[in-house]
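Colleague: Quick one: the structure is below, and I'll ask about it shortly.
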Amino acid sequence: MRWMLLTLGLLAAPALAQTPPPPAAQAQQDPLKTGVQLYALGRYEAALSLFERAAKENPGNPDALYWLARAQLKMGLLNPALENAKSLVAKNPRYIGGYMVLAEAYVALYRASEDKEKGKDYLEQALSVLRDAEKINPRYAPLFAQRGLVYALLGQMDKAEEAFKKALALEDTPEVRAALAEVYLASGRLDEALDQYARALALAPKNQDLRVRYASALLLKGRPEAAVQVLEEGHRLKPLDAEGWYTLGQAYLALGRNREAGVALENAVALAPLRFPAAYYYLGQVYLALGDAAKAKNRLTVAVRLEPRKPEYRYLLCLANERLGDKEGARYQCQEALKLKPGYKEAEEVLKRL
């Protein structure tokens, strides 16, 4: 199972991001407030134009340049965001937000770099910026959370853990606890990761993404019953979450609850047809277990089309073809499986009996 560090929203948003949208007349007078509202709703392109207007109308307002840089990062305008963040820090050296968005810009440039080794220079620059920020406000929790993320990207998990713990000592948030859980996972400390996920979920019980990550870790631990409980509660809150259905399907499959697994996995592929190639493979398993070789073949054919170099996908499609009486199709798929995985014992056994 592949784990990726959370993309943390570690830059503190002003209180206006939580207030109701201003009346129309006020919105026309204050594009910054309206832009922050749109940003909070995920409407980054619309917010960007308002922040550009705010920065033009009031170039001395650091908040306008701060939000402009953040929106540019969201829109993938990395170099303009970097230049605006640098300008913000140069003009307002006591403004903590400038350092934070500048560090985030360097992280974004690292993520976008093709050569990750060379890209690490961006991460070192981010750390330098965060050291400067610490001189401005040594008790600013998001600073240490951002530092933890940078260290994690550098593979320095001990330092990442230390930074995240410092952030939590200053402000306990579910995002940082989840990030610390990811660090523990990357370090093979599964029990500690589970503890952090449980604490994070207690702080944010409606966060479906957090539930999926926690449930995935529970599956790694071999606790599918607990994973099912976590995800079933989540689906009452967010019934159209494809990844949630996909993970729930795996949990049901681990418990041998094949019909429920089939329903969950079909929901996942209906909501996101190309996102989870393995879902079609699991559906093949389900339908073979339920005795429906035709449905198994249908789903496994999709799995092989999406990921043709997976020998286990081809082996199951071989079995489905065999059960349908298609010896030629079965032989071909098992032969292809053996090309991909020489010595594949199960495929060899099928070929012997065909």
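The values are calculated or read from the model by the stated rules, or taken from the named source; none is laboratory data. Computed from a predicted structure; not experimentally measured. Cβ placement follows ideal geometry from the backbone for every residue including glycine, while neighbour counts extend to all protein chains displayed. Areas reflect the complete protein model, heavy atoms only, side chains present, ligands, DNA and RNA absent. Shrake-Rupley method; radii C 1.70, N 1.55, O 1.52, S 1.80 Å.
Colleague: Out of (1) more than 19 Å from the chain's Cα centre (by Cα); (2) in a helix (DSSP H, G or I); (3) more than 30 Å from Asn137 (Cβ to Cβ), what's the single condition that is false for Ala202?
Modeller: Looking at each condition in turn, Ala202 falls short on (3).
Colleague: Continuing with this model, one more query. Of the conditions (1) within 29 Å of Leu283 (Cβ to Cβ); (2) open to solvent by 40 Å² or more (accessible area, probe 1.4 Å); (3) at pLDDT 95 or above, Leu203 satisfies every one except a single condition; which number is it?
Modeller: The single condition Leu203 does not satisfy is (1).
Colleague: Filter the stretch 244-259 for residues that are within 16 Å of Ala226 (Cα to Cα) and either part of a helix (DSSP H, G or I) or touching a Leu at 6+ places or on another chain (Cβ under 9 Å) (or both) and give the result.
Modeller: Gly244, Trp245, Tyr246, Thr247, Leu248, Gly249, Gln250, Ala251, Tyr252, Leu253, Ala254
Colleague: Continuing with the same structure: For the stretch 306-347, how many residues are part of a helix (DSSP H, G or I), under 34 Å from the mean Cα position of the chain (by Cα), surrounded by fewer than 16 Cβ atoms within 10 Å (Cβ to Cβ) and not basic (Lys, Arg)?
Modeller: Adding up the residues that qualify gives 0.
Colleague: What's the total number of residues in the stretch 121-151 that are over 22 Å from Gln72 (Cα atoms) and touching a helix residue (DSSP H, G or I) at 6+ places or on another chain (Cβ under 8 Å)?
Modeller: 10
Colleague: Being outside any helix (DSSP H, G or I) and surrounded by 17 or more Cβ atoms within 10 Å (Cβ to Cβ) is the filter here, so list the residues in the stretch 271-305 that pass it. Show your work before the answer.
Modeller: Our first condition is that a residue be outside any helix (DSSP H, G or I); within the stretch 271-305, this holds for 272-276, 290-292.
The answer is Phe276, and nothing else.
Colleague: Quick check on my filter: what residues within the stretch 165-183 are charged (D, E, K, R), open to solvent by 10 Å² or more (accessible area, probe 1.4 Å) and part of a helix (DSSP H, G or I)?
Modeller: Once the filter is applied, which keeps residues that are charged (D, E, K, R), open to solvent by 10 Å² or more (accessible area, probe 1.4 Å) and part of a helix (DSSP H, G or I), the stretch 165-183 yields Lys165, Lys166, Glu175, Arg177.
Colleague: So which residues in the stretch 91-126 are part of a helix (DSSP H, G or I) and among the basic types (Lys, Arg)? Give the derivation first.
Modeller: Within the stretch 91-126, the subset part of a helix (DSSP H, G or I) is 91, 96-112, 116-126.
Hits for the stretch 91-126 are Lys91, Arg111, Lys116, Lys118, Lys120.
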